[in-house]
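One structure is given here, and the rest of the page talks about it.
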Amino acid sequence: MLIYLCDKNALAEGQSRGFEMAGLQLLAVRRAGQVYAYHNRCPHRAVPLHWQPDQFLDASASLIQCATHGALFLIESGECIAGPCEGKSLNAIECGENAQGIWVKLPEQD
Ligand code: FES
């Protein structure tokens, strides 16, 4: 199921945003022009990652950071590279951009 997420200008380079749709919490990040989307759930304690609305990145804006215990994740793959869930990964969500904006592909629900 393809779902419209937001206008492409609503996610600027080096920024992150949180979304809630179809009962799922998501986050999206744009890095080097590319959009990446993940479930907003830390693999350590299964809690949301953000410390404030739309704030998912570390101070350098180069990694996704969990607000609870500080785990750091690669933006491009969702892999945890430091912290209590090192080696685990965020759940990636297929996403892309077209003329209308940014979309995500959510799993089909029964
Ligand atoms: S809940 Fe995310 S690092 Fe512990």
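Pull up segment 78-91, narrow it to residues that are away from the ligand (no atom under 11 Å from the Cβ) and farther than 15 Å from S16 by Cβ, then point me to the one that is surrounded by the fewest Cβ atoms within 10 Å (Cβ to Cβ).
Applying the filter and picking the extreme gives G87.
Looking at this structure, is E97 surrounded by fewer than 19 Cβ atoms within 10 Å (Cβ to Cβ), acidic (D, E) and under 11 Å from the mean Cα position of the chain (by Cα)?
no
Any residue at all in segment 39-47 that's surrounded by 14 or more Cβ atoms within 10 Å (Cβ to Cβ), in a loop (DSSP other than H, G, I, E, B), under 10 Å from the mean Cα position of the chain (by Cα) and within 16 Å of the ligand (Cβ to nearest atom)?
yes
Output yes when any residue across segment 64-73 is surrounded by fewer than 22 Cβ atoms within 10 Å (Cβ to Cβ), modelled with pLDDT under 95 and out of contact with any Lys or Arg (no Cβ under 8 Å at 6 or more places or on another chain), and no when none is.
Scanning segment 64-73, I find no residue that is surrounded by fewer than 22 Cβ atoms within 10 Å (Cβ to Cβ), modelled with pLDDT under 95 and out of contact with any Lys or Arg (no Cβ under 8 Å at 6 or more places or on another chain), so the answer is no.
Looking for whichever is at positive phi and not small (G, A, S) here; the options are D58, D54. Which one fits?
Of the residues listed, the single one that is at positive phi and not small (G, A, S) is D54.
Residue by residue, here is whether (1) in contact with a Ser or Thr (Cβ under 7 Å, 6 or more places away or on another chain); (2) within 16 Å of the ligand (Cβ to nearest atom); (3) part of a loop (DSSP other than H, G, I, E, B) holds:
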| site | (1), (2), (3) |
| --- | --- |
| E13 | no, no, yes |
| G18 | no, yes, no |
| L27 | yes, yes, no |
| L49 | no, yes, yes |
| E76 | no, no, yes |
| E97 | no, no, no |
| I102 | no, no, no |
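Taking the conditions exactly as written (in contact (Cβ under 8 Å) with a residue 12 or more places away in the chain and within 9 Å of the chain's Cα centre (by Cα)), does V29 satisfy them or not?
Yes; evaluated as a whole, the condition is true for this residue.
The values are calculated or read from the model by the stated rules, or taken from the named source; none is laboratory data. This structure is a prediction, so every number in the text was calculated from the model and none was measured. Ideal geometry is used to build each Cβ from the backbone, glycine not excepted, and the neighbour counts take in all protein chains shown.
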